[in-house]
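Below you'll find the structure, written out as structure tokens, and then a few comments.
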Amino acid sequence: MIKKKINAFTLVEMLVVISVLGLVGVVMLTIFTRTLRGHNKAQILSVIKQNGQAVLENMGNTIRNADSILCPVNSSSNTLVINKGGIYTRYRLDTAKHSIISDNPVKTNVQETDGDFIIETCQPANLMTTANVLTDTNDKTGVSVISGSFKSEKAPGFKDGVTIEFLLGPGVGAPQSVAGQIDNVNFKTTVQL
């Protein structure tokens, strides 16, 4: 009688192969996940920096061309109002809505004095009904204004200036696994008229 030798794997050999393949799969999944998170983190940081620089550039150009700073006068505020030839431009750091907005307020009451108009316009509670949003407010891919202020700078012998400072972070709806790894970015500059 001729005996045939059958080549087969034992149960132990099969379990070893399955374990090794499972371990390789876990390592590959970990590498893929970290790469994806790193890409998302870099993308969010890029959006934050682009938004911050665009806002600073927009405000800087408007302030440089302005005739006067109406508010803040002697303290810091979340509202900045400037005047250029009778046209008012107002900026507000709105942390409640996580955005930076601007508008051009005008007198609605002809009998209102310039002083009363300026005081009312500078009030943080004064509504900005026709505001332009300067930051990306998309919950997941945009930015969130954490804090900020405007401060007027008056020094003898120098033109008036404004110090702008604000802190931007990831959008409020950004995935916490990525947003938790990103530090908020501080933007600060001083612009003279």
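Based on what the data block shows, is Lys49 modelled with pLDDT of 90 or more, open to solvent by 50 Å² or more (accessible area, probe 1.4 Å), in a helix (DSSP H, G or I) and closer than 21 Å to Gly171 by Cβ? Taking the combined requirement at face value, the residue satisfies it.
Tell me yes or no: at least one residue of the stretch 31-44 is within 20 Å of Ser144 (Cβ to Cβ), of a type in the set (Val, Ile, Thr) and either in contact with a helix residue (DSSP H, G or I) (Cβ under 7 Å, 6 or more places away or on another chain) or assigned to a helix (DSSP H, G or I) (or both). Yes: the stretch 31-44 contains one or more residues that are within 20 Å of Ser144 (Cβ to Cβ), of a type in the set (Val, Ile, Thr) and either in contact with a helix residue (DSSP H, G or I) (Cβ under 7 Å, 6 or more places away or on another chain) or assigned to a helix (DSSP H, G or I) (or both). Here is the figure for the stretch 108-129: residues that are within 12 Å of Val81 (Cα to Cα) and among the charged types (D, E, K, R) total 1. Evaluation of Ser102 against the conditions (1) within 17 Å of Phe166 (Cβ to Cβ); (2) open to solvent by 40 Å² or more (accessible area, probe 1.4 Å) shows that the sole unmet condition is (2). Any residue that is open to solvent by 30 Å² or more (accessible area, probe 1.4 Å), modelled with pLDDT under 90 and part of a helix (DSSP H, G or I) - is there at least one of those in the stretch 66-89? Taking every residue of the stretch 66-89 in turn, none turns out to be open to solvent by 30 Å² or more (accessible area, probe 1.4 Å), modelled with pLDDT under 90 and part of a helix (DSSP H, G or I).
Residue by residue, here is whether (1) without any contact (Cβ under 8 Å) to a residue 24 or more places away in the chain; (2) under 15 Å from Tyr91 (Cα atoms) holds:
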position: Gly142; (1), (2): no, no
position: Ile146; (1), (2): no, no
position: Ala155; (1), (2): yes, no
position: Val162; (1), (2): no, yes
position: Leu168; (1), (2): no, no
position: Gly173; (1), (2): no, no
position: Gln176; (1), (2): yes, no
position: Leu193; (1), (2): no, no
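Among the listed residues Val172, Val133, Val162, Val191, which satisfies the condition of being under 18 Å from Gln43 (Cα atoms) and not aromatic (Phe, Trp, Tyr)? Of Val172, Val133, Val162, Val191, the one residue that is under 18 Å from Gln43 (Cα atoms) and not aromatic (Phe, Trp, Tyr) is Val172. Restricting attention to the stretch 141-159, and to residues there that are open to solvent by less than 50 Å² (accessible area, probe 1.4 Å) and outside any strand (DSSP E or B), which single residue is nearest to Ser102 (Cα to Cα)? The qualifying residue nearest to Ser102 (Cα to Cα) is Gly142. Within the stretch 115-124, is there a residue that is surrounded by fewer than 18 Cβ atoms within 10 Å (Cβ to Cβ) and in a loop (DSSP other than H, G, I, E, B)? The answer is yes, given that some residue of the stretch 115-124 is surrounded by fewer than 18 Cβ atoms within 10 Å (Cβ to Cβ) and in a loop (DSSP other than H, G, I, E, B). Report whether or not Leu56 is assigned to a helix (DSSP H, G or I), open to solvent by 30 Å² or more (accessible area, probe 1.4 Å) and closer than 30 Å to Gln181 by Cβ. Considered against the rule, which asks whether it is assigned to a helix (DSSP H, G or I), open to solvent by 30 Å² or more (accessible area, probe 1.4 Å) and closer than 30 Å to Gln181 by Cβ, Leu56 comes out as no. Residues of the stretch 160-193 that are under 26 Å from Asn61 (Cα atoms), among the aliphatic types (A, V, I, L, M) and not in a strand (DSSP E or B): Leu193 alone.
The values are calculated or read from the model by the stated rules, or taken from the named source; none is laboratory data. Everything numeric here is computed off the predicted structure, so don't read it as measured data. Reconstructed Cβ throughout: ideal geometry from the backbone, glycine too, with neighbour counts over all protein chains shown. These area figures cover heavy atoms from the full protein model, side chains too; ligands, DNA and RNA do not enter into them. Shrake-Rupley method; radii C 1.70, N 1.55, O 1.52, S 1.80 Å.
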